[in-house]
Each structure stands twice: as C-alpha cells, then as structure tokens.
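K.L.:
Okay, handing you the structure first.
The values are calculated or read from the model by the stated rules, or taken from the named source; none is laboratory data. Predicted model, so just to flag it, every value in this text is computed and none were measured. Virtual Cβ from ideal backbone geometry, glycine too; neighbours counted across all protein chains shown. Calculation scope for accessible area: heavy atoms of the full protein, side chains included, ligands and nucleic acids excluded. Shrake-Rupley method; radii C 1.70, N 1.55, O 1.52, S 1.80 Å.
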Amino acid sequence: MLFSNVKVSELRRILPKLQNVYYPRSAVICREGERGSCVYLILSGQVKLTVTEATHTKTLAYLNAGDFFGESAVLGNETRTVTAEVVIDAEILQLGQNHFDELVERDPTILHNIIRSLDLRIRMDTLGLFQPQAKPNEIVAIYSPRKVSLKTFTAVNVAVSLLHQTNLPVVILDMTLNDPVIADILKIGIPPVIGVEGITADTVQQVLRRHASGIHLVTIAPDLLRAGKISREEIAGTLSLLKTLFQYVVINTSTEISNNTFEALDLSDTVVLLSPLGEEAPVGMFDHQEIITAYYVPRGSSAITANVERVTPEMAPILLPIDEVAERRFYEQGEILAEVDTTTKTSQVIQKIARHVAGLQIGLALGGLAARGLSHIGVLKVLEEHQIPIDMIAGSNTGAVIGAAYALGMSADELEKTVLQWESHLPLLSVRDVNPFRGGFLSHHRIMKLIASVIPPDMTFQDLKIPLRIITMTLDTGQEVALSSGSLLKALEASIAIPGVFAPVKYGDQFLIDGAIINPVPISDLVEMHADILVGVNSFAPLTPSYPPPPKAYINLVGYAEKLKMIDIIIRSFQNLQYEISTAKSMIADITIMPEVLGYSWSHFDKAAGIIESGRKAAENMLPELKRIIESRRKFKKL
C-alpha cells in the first residue's frame, strides 16, 4: 500500500491535503498520453489499467481497494503510460504533485513502497510472457422483466453450475425485494443482512454464508431495498469487496425496476435476461453489459417453440424449459437441479449459460470434402463419450451437412447409423444425372433427397439447438458468405455445390457455391461467433494415387466412376489447394484434429465405417490436449 509504514505524524499532516473523488462505473480517471499531476489511491471500487498496442487495447491489471497507480508520471514528470477506467464505482484519493514531492522529501518510506510495487508489477509482467493471465473477476446479474419463480431458480442453478464448470469461488448477492429470500429457500437459516451497519470488509465477511453445494451467499436487507435506503455507493462497495473474494458474483435482482435494481444491473458485466417467448426481449435498456437472452414459455401460454423464428431474431436462440417438478423441489426442499441431475434439458441449458459466462464455449469447425467428411461423426462420438459439449459449429461441404444434423439434435450414434444405411441408396450419381446445361456437369437431386431425409425441408437456422454457420462462396466476387438464417436445406444445397460438378444455387439475390474452396476449415467464423475454445477438424488430405478399379464397374455413391472420370478430375484438381488452405487456416485453432483419410477417396461413401473410425481415432489421440486446454481456460483468459 502507498502509505505503509509512513510515520503517523506525516500521515496526519498529509491527509487534509488529499482530495477525495467519487468516480462512477465506466468513468476514465486518466488517459494514456496525458500529462500526469497526481497519484491515485483506491479507497473502494475497482479500476482497470489498459495500454494501447499496435492494433488493440491490452488490459494490464485490475486494481482494488488499497492499490495505487499514476506514480510513474509523477516521478518522472512525464505523460501517463496507461489509461485507468472504473469498473465498479470507485472512491479515489488524489495526491497532487507538490504534496507528493513534499512527502517524499520528509519521509522516503513512500518512495520505497512505490519501488516495491513497481518491482512486483515488472516481475508479474515478465511472468505474463510465459504463462497466461488470470481471468478478471465478473459480476453476473439474473434479471426478468416479469415476476416469475424461474428467476431465483435460475440464479441459484447458474451459480452452482459456474462452480462446477470452473472450480472457482462463486457468491450470490441476493437483492430480491420480496420473500422468500434465497437463504430461506436453501434452508441456511435466518442470515445476517447487509444494510444494517456500514459496508466494510468485516461486515461483508460476517454476513457471508456457505451452502453445502459450495456456493456462498450474501443477502441485502429486503426491507431497506423496498424503502430505497441502500445507496448506489453501498451496492458498489459491496460488489467491490465481493470481487476481491470471489471469481464470480451472481446477483439475484428484483423484477421491479427500482433504483437499486437499475444500479445492480448497471454495475454488472453480464446480464442473463429471462424473456417470455412471444415477447420482444427488452435488450434496449442495457448499454455496456454483455446480454445472454434465455427465452421461456410462460405458464398457461399458447406459445410453442415452433414460433421461435417469428419471435426471436437470434440464430439457435437459448430456450430455457420450465421444469415444474424441479422448481417445486427447489422452493419446497431447497434442492438444486444443477447438483442432482445434469442430464435434463433445463439443466443442460443452464450449463450452457454458465459456460457462456465462464468463457468456456467450445466451437467446432468441420471441414472435409464428400466421403472424407464423414470422419466428423467419429470425432463427435468421442466428444459425446467424454461429455465435452459443443456450443457452436461452422462447417463447409460435408462438414456443413454433419454439423446441421448434429445442431438439430441428432446424436453421433444416430448419425453413424443413418450414414451406414446410405449404402442401400447407392448410386446417387450416375451418367443418367449428366446435365451440363445448368451450370454444372451433374444434377444433385438424389443427393439432396437423401439429405432431406435427415434435414426436414421446413427447418430453419432458428430451429437449431446449437448455433451453426454454413460456409459458401459467391460465384461473382469469390467472397465467403456464411449462412446463418433462412432455410437450412437450401443453405446445405449451396454448401455442396462443388464448382463444375453441381450448378450454383440461387440464395436470395446471390448465386452461391461450395465455400470449402476458400475456407475449408472455418475457424475464423468461430472467432466471429465468439467461441472461447476453437476446435478444428481437418479431413482434407493431399493427393494420393487412385486405387486401381475392380474388374467390374466401380459402383458406389458416385456410381460408374469409370464413366465419370471428369468429375474425379475436377474434384482432385481442387484437393491439393484445399489441403494447403485448410492447413494454413487451421493454425489459429486451439487444437486441430486431423483424421487419417489418406487411404480413402472423396467418393468412398461405401467405406463410411472405416472413415468414421479414422475420425474416432484422431479425436482419441487429441483428447488429452483438448482437456488440458479446457482446464487452462477455467482459470486463465486466452492470450
């Protein structure tokens, strides 16, 4: 601390000369490049220090009560090297240049404190070159514009799921205005509450209560909240203190928009917004927070999930099922669903919300042409067996088809059984499909009929359970077009439109073809979708000599390949280019799974079992590394 071991006589003399300033959330205390004229000491709240690098802003540190900053500019009489922004409303003591110089001259202890602090920061920054930086603590508010029992149920279950997902400390700040409070629901007993005495580190520690699940609980007095006697400064001070003790602070807000509710929401980093299906979510009331909207069907409502496309603009919106049995057990017995059963639909959606909050969303990029892309099924089987959830998918060509079926809810086993049955439908292409006057050498109507047996024609992207992007390319400009709305089957038709083989597909006002030509393994799209952990599956391979044809005509999905040599020539001409591009673009992934498909041709749909097995083996080999990455992200942010 700045004044540690400074003589009491000097403190008494200097304290009247300090200026006490209150800064609200998002206020900038000082900016990089400005002339510095004072040192800042944090009494309460939290401050973020950032520095501008070539193309982005880098966060250096989060400072809490007792920390100080701004000393470098004062010592060297130079410009500020960092920008200081308030994260939680902060009370700051400012020590001006003249008073600082006078204090240092009379008692050099303060200078020693600064040197020790600088040494620690330099060592921490040096260590940061070799190990990841810890995640910043986060405030998460659970809010519903309607008075529903689902809100408190969700708040507690999200908190417990966060604890399970991260193994990091979690606390609930209960700010409900009405009974019952969470302490009563969880059978903790009548807890001491915040608001009776002044908010200090000691009082917060005294009111903390630990539940058997491992989460902690702090309750703000409901009667004082109802009377409006809790100030913004007190709420900010409480949150600031809790952030020094816990990684995640989950606020159970009140439905009523009182000053206290608004202040709690305003001080939050993330808001989980529970919105009735069929009504527009009130996202406009928020500005700086990240919003996670979860839709639910109100009791007694005629709204059904089939109406999702009409009422929600999101791709694959989060639908939170109301589990009346689980809610009743929660309110009557204090039973927490996230503890007793993680397999129900409601529990799985809550886990998804917790992964979003914790920065543990896994994105899967599926890249593979024709038969070789079936290896994705083997990868999905391994991920399912080891309970590694997928939160978003981007796919090209066969990867788009497999990804769409999985995003609709098919399991890996169901996909495998379906694909193995395709052999009875062979051949799907033959010389009878030659139709060179429509922009492609062949018609793909039989392939699309088979895909339609898995993806119903009336399905849209909004019907998906997992967000999905299907990668295509415009025929006129050669630009990537990532489809994420509208008809799912039409998008898949465009994704398999290999140039020269199948005709381009008119989608809206554009003609689209297979996007694997320019983005075979679409990791970059997962980045745009805000995935936290990037997993690529690269089922492309370099050219290998074709197997000699059997004595009889070679009949498989392509059918009579000897008579369709032009198709093989077209596809093989793209193969090396796609392999090179996919290898280069996969470099930004956290991990890339590469099934061994060298022994299989693009047309080997009759060898689906072996191709799927190659995907399984590759995923098993990379599983330890994937688990290591997930474990690291629980505690550290991505560099």
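K.L.:
From the phi of every residue in the stretch 42-55, what ³J(HN,Hα) in whole Hz does the Karplus formula 6.51 cos²θ - 1.76 cosθ + 1.60 yield, where θ is phi - 60° and glycine or proline is x?
P.N.:
The phi angles translate into 7, 8, 7, x, 9, 10, 9, 9, 10, 9, 8, 9, 3, 10 Hz.
K.L.:
I'd like the distance separating the alpha-carbon centroids of the stretch 214-230 and the stretch 463-484, in whole Å.
P.N.:
Using only Cα atoms, the two centres lie 48 Å from each other.
K.L.:
Let me know the charge dipole size of the stretch 131-252 about its Cα centre in debye, to the nearest 20, where only the beta-carbon of Lys, Arg (+1) and Asp, Glu (-1) is charged.
P.N.:
340
K.L.:
Can you give the accessible area of residue 250 in Å² (nearest 10), computed on protein heavy atoms with a 1.4 Å probe?
P.N.:
0
K.L.:
Ordered by packing density, taken as the mean number of other Cβ atoms within 10 Å over each peptide's residues, highest first, how do 407-418, 52-63 rank?
P.N.:
Descending packing order for the listed peptides: 407-418, 52-63.
K.L.:
What are the ³J(HN,Hα) couplings of the stretch 284-297, residue after residue, when phi is run through the Karplus curve with 6.51, -1.76, 1.60 and θ = phi - 60°? Round to Hz, x for glycine and proline.
P.N.:
Once rounded to whole Hz, the list reads x, 7, 10, 10, 9, 7, 7, 10, 10, 8, 10, 8, 9, 8.
K.L.:
In addition: Given a cut-off of 25 Å, name the pairs among 17/135; 58/243; 449/617 whose C-alpha atoms lie farther apart than that in the structure shown.
P.N.:
Over 25 Å Cα-Cα: 17/135; 449/617.
K.L.:
Using a 1.4 Å probe on the protein heavy atoms, what percent of the accessible area of the stretch 458-512 belongs to carbon and sulfur?
P.N.:
53
K.L.:
So, one more: Once amide H atoms are built 1.01 Å from N in the peptide plane, which residues 5 or more positions from residue 501, or in another chain, come under 5 Å H to H?
P.N.:
Placed amide hydrogens put 441 under 5 Å from residue 501.
K.L.:
So how far apart, in nm, are the two label points at residue 224 and residue 205 if each is 7 Å from Cα heading toward Cβ?
P.N.:
1.9
K.L.:
Once the dipole of the stretch 328-399 is set up with Lys and Arg at +1 and Asp and Glu at -1 on Cβ about the Cα centre, which of 399, 362, 383 lies farthest towards its positive end?
P.N.:
After comparing all options, I get 399.
K.L.:
Expressed as a whole number of Å, what is the distance separating the alpha-carbon centroids of the stretch 365-418 and the stretch 60-114?
P.N.:
The two parts, judged by their Cα centres, are 54 Å apart.
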